[in-house]
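The values are calculated or read from the model by the stated rules, or taken from the named source; none is laboratory data. This is a predicted model, so every value here is computed, not measured. Reconstructed Cβ throughout: ideal geometry from the backbone, glycine too, with neighbour counts over all protein chains shown. For accessibility, only protein heavy atoms count, side chains too; no ligands or nucleic acids. Shrake-Rupley method; radii C 1.70, N 1.55, O 1.52, S 1.80 Å.
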Amino acid sequence: MADRKEINIPVADPNDPYAVPAAMPSSADTNPRSFDLADFAMPTRKQEDWRFTPIERIEEFFDVFEPSGATSVDVRYIDGSVIDESVVQVRRVDIGDDLSGTVSKPNDRVSAVEWNSVRTATVVDMLREPDQPVLVQVHGNGLDLDALHLVINARDRVHGDVVVQHDGQARLAEGVEIVTGDDAHISTTFVQEWTADSKHVASHRIHVGNESSLRHSVVTLGGEVVRIRMDQDFGGEHGDLNMLGIYFVDPGEHIEHRTMVVHNHPECRSRVVYKGALSGQGAHSTWVGNALIEPTAPGTDSYELNRNLVLTPGAVADSEPNLEIENGNIVGAGHASSVGRFDDEELFYLCSRGIPEREARKLVVRGFFGELVEEIGIEQIAGHLMQAIDRRLARGESSAMQTVLEEK
């Protein structure tokens, strides 16, 4: 496997701000990357990385704690059969041993707390191509604070799918490291279906190898507060990254996703597409998408998109795309975001065909998410995801769900 270069964001000299061009390219990179908790300030809403986050609701994750061990982790094939260890090795190791801690470093205070709190790491090492997706089942068994670390490693030229399913009741700090070898083609899908009183803070650190592709999908359908930050870089030319996200936010919930794509090698491609729906008073989503194209990355092709569908009054969606280009020799780079309500023409068309308005709204939302579910491309979970979305829609079969803002 090719040597990996640590992501190292330059810091400007305050005495010579022009010494390092674009030294602080985006809000995601103002913090250091370090295993030392002391390198990270206590979060406040005045800090760019935390200004959308209800920090008073997750302050238990800001200092090192003793994990409860209440969260269970089980690794099997998606049909429930036992993993073939000649194809995929599953190891539980002390944190810092084996492959843990090799993909970048913690990038904010909660990820540093997770690293310094957790005792062991679960390593899923893909040696050869499995004949079906690997399922990592993460089940929460209570609200005692817990920490979990997961490493997904794909060897050179391996193809395969990994699904990480979170459910149950938990207050969990999670660290995830994903690395692909050269010419590997991997899909990772993370599903969050927590109980309404659960809290989940997570950091995904991702390295895409030379000539490799990764489809990284996140589906968040439950939890009082869920905050997932994803930082990625490339390990060589012709890497391809596809980041997909789906989220559904109910009243009082805060769901936050932050992506950071670093183009540091020539002729790599990235696409980031996140879609969310919000229903009810106090439903709050945040998406912050960052892309950095370094001087060492000519031929880059990058695009990020976020769309939010506000179903009822009282919901708030924050959407912030950021793009920093330090290289004029690129194929393309762009971003877009939107926050809107139902399309009146779509509703009118469906209602004119005899479909009741409430059912028409459901069909619009299903179509809004359906394209991404199909693009995730794992047949064994596509039906489950659409059923989960339908269950979320069913919760809104009340006057709140039937009321859509009339203003344009």
Per residue, in Å², the accessible surface of the stretch 158-234 once ligands and nucleic acids are set aside, probe 1.4 Å: 16
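Mind checking the per residue accessible area of the stretch 84-153 for me, 1.4 Å probe, whole number of Å²?
Details: 2520 Å² over 70 residues.
Per-residue accessible area for the stretch 84-153 comes out at 36 Å².
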Within the accessible area of the chain, what % is carbon and sulfur when the probe is 1.4 Å and the other protein chains stay in place? 47
Name the residue, out of GLY175, GLY383, GLY276, whose mean-square fluctuation peaks in a Gaussian network model built on the chain with Cα pairs under 10 Å. GLY383
Using each residue's phi in the stretch 265-280, evaluate 6.51 cos²θ - 1.76 cosθ + 1.60 at θ = phi - 60° and report the 3J(HN,Hα) Karplus result to the nearest Hz, with x for Gly and Pro. 9, x, 6, 9, 10, 9, 9, 10, 10, 10, 10, x, 10, 10, 9, x
Calculated from backbone phi, Karplus (6.51, -1.76, 1.60) coupling profile of the stretch 245-255 in Hz, x at Gly/Pro: x, 10, 8, 10, 10, 9, x, x, 8, 10, 10
Under the rule of -39500 (n - 2.57) per DSSP H run of 4 or more residues, summed and divided by the residues of the chain, what mean residue ellipticity at 222 nm is obtained, to the nearest 500 deg cm²/dmol? -4500 deg cm²/dmol
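Charges at C-beta only: +1 for Lys and Arg, -1 for Asp and Glu. How large is the resulting dipole of the stretch 179-338 about its Cα centre, in Debye rounded to 20? Provide the component values of the computation, followed by the final result.
Working: 10 positive and 21 negative charges, 87 e Å.
The calculation lands at about 420 debye.
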Of the residues ARG258, ARG155, ARG395, which exhibits the maximal mean-square fluctuation in a Gaussian network model of the chain defined by a 10 Å Cα contact cut-off? ARG395
